Structure formats: C-alpha cells, structure tokens
Amino acid sequence: MAITHATDQSFVQETSEGLVLVDFWAPWCGPCKMIAPVLEELDQDMGSEVKIVKIDVDENQETAQKFGVMSIPTLLVFKNGEVVDKTVGYQPKEALAELLNKHK
C-alpha cells in the first residue's frame, strides 16, 4: 500500500477501518523529514497489515487540535477508528514496528 495523505475532511474515513498509523507532520519540521523514510520502509514491510496516513498540521489544524497534537512528529495508532497508542518525536523503525505489532 502507498502512504495516504489525509485532510481534515478525509481524516475520519482514512482512519475508520483496521490498524492505521497516523503521522502528524509539517514540511518545515526536521524530525518529520527524518521519520519519512522510516515510514516508507514500514509501509513496504507491513503494508498489508497497517495503513500509514500522513496529515500536514499546518493545513489541517482542526484535526491536530482534536487529537491534542502539541509537537511534531506525533504518531497516533488507530484501530477501527479509535486511538489505541501514541508516540511523539522521531522513532526508529524497530520501535514503530513494535508499537504497531502490539495492536494487530
């Protein structure tokens, strides 16, 4: 699966089914740029099990506020539309895989 880019309007639809990792990010954020290739690798490794969604906090402030995103990158794990886990800041691939594997 390819990484999906969500907006305030499409967010609920994108996160309503299955296991979804959401990356709250912005183009100017250094750690967000560092985590982008990690998310690409995760998508290749776990693509059939996990959907990865990115949402730009500058363009989609409503969703960021709804989930209390104060610093980026913030990664939320959704399972069938409910937030089940959260991590803030750069994370290595192994840590993110472990986070997701807990909720399969």
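Just checking, which of 67, 24 is among the hydrophobic types (A, V, I, L, M, F, W, C), in contact with a Ser or Thr (Cβ under 6 Å, 6 or more places away or on another chain) and surrounded by 13 or more Cβ atoms within 10 Å (Cβ to Cβ)?
So the residue among 67, 24 that is among the hydrophobic types (A, V, I, L, M, F, W, C), in contact with a Ser or Thr (Cβ under 6 Å, 6 or more places away or on another chain) and surrounded by 13 or more Cβ atoms within 10 Å (Cβ to Cβ) is 24.
Being surrounded by 12 or more Cβ atoms within 10 Å (Cβ to Cβ), in a helix (DSSP H, G or I) and either among the acidic types (Asp, Glu) or in contact with a His (Cβ under 6 Å, 6 or more places away or on another chain) (or both) narrows it down to one residue among 17, 49, 41, 59; which is it?
Exactly one of 17, 49, 41, 59 is surrounded by 12 or more Cβ atoms within 10 Å (Cβ to Cβ), in a helix (DSSP H, G or I) and either among the acidic types (Asp, Glu) or in contact with a His (Cβ under 6 Å, 6 or more places away or on another chain) (or both), namely 41.
May I ask you to list the residues in segment 70-81 that are surrounded by 15 or more Cβ atoms within 10 Å (Cβ to Cβ), hydrophobic (A, V, I, L, M, F, W, C) and closer than 18 Å to residue 29 by Cα?
Matches in segment 70-81: 72, 75, 76.
Quick one: would you say residue 53 is in contact (Cβ under 8 Å) with a residue 24 or more places away in the chain and not acidic (Asp, Glu)?
The answer is yes for residue 53.
May I ask you to verify whether residue 94 is free of Cβ contacts under 8 Å to residues at least 12 places away in the same chain and over 12 Å from the mean Cα position of the chain (by Cα)?
yes
Residue by residue through segment 20-52, note down the ones that are within 9 Å of residue 73 (Cα to Cα) and either at pLDDT below 95 or among the β-branched types (Val, Ile, Thr) (or both).
35, the sole residue that qualifies.
Can you tell me which residues in segment 73-104 are farther than 15 Å from residue 6 by Cβ and either assigned to a loop (DSSP other than H, G, I, E, B) or of a type in the set (S, T, N, Q) (or both)?
80, 87, 89, 90, 91, 92, 101, 102, 103, 104
Would you mind stating whether residue 56 is modelled with pLDDT of 95 or more and either over 17 Å from residue 81 (Cα atoms) or of a type in the set (Lys, Arg) (or both)?
Yes; evaluated as a whole, the condition is true for this residue.
Show the residue pairs that are 6+ apart or on different chains and have beta-carbon atoms under 9 Å apart, the first residue being within segment 15-38 and in contact (Cβ under 8 Å) with a residue 60 or more places away in the chain, the second being among the basic types (Lys, Arg).
Between residues of segment 15-38 that are in contact (Cβ under 8 Å) with a residue 60 or more places away in the chain and residues that are among the basic types (Lys, Arg), the close pairs are 15/51; 17/51; 18/51; 18/79; 19/51; 19/79; 19/104; 21/51.
The values are calculated or read from the model by the stated rules, or taken from the named source; none is laboratory data. The structure presented is a predicted model; accordingly, all values stated were derived computationally and were not measured. No Cβ is skipped: glycine too gets one built from the backbone with ideal geometry, and neighbour counts run over all protein chains shown.
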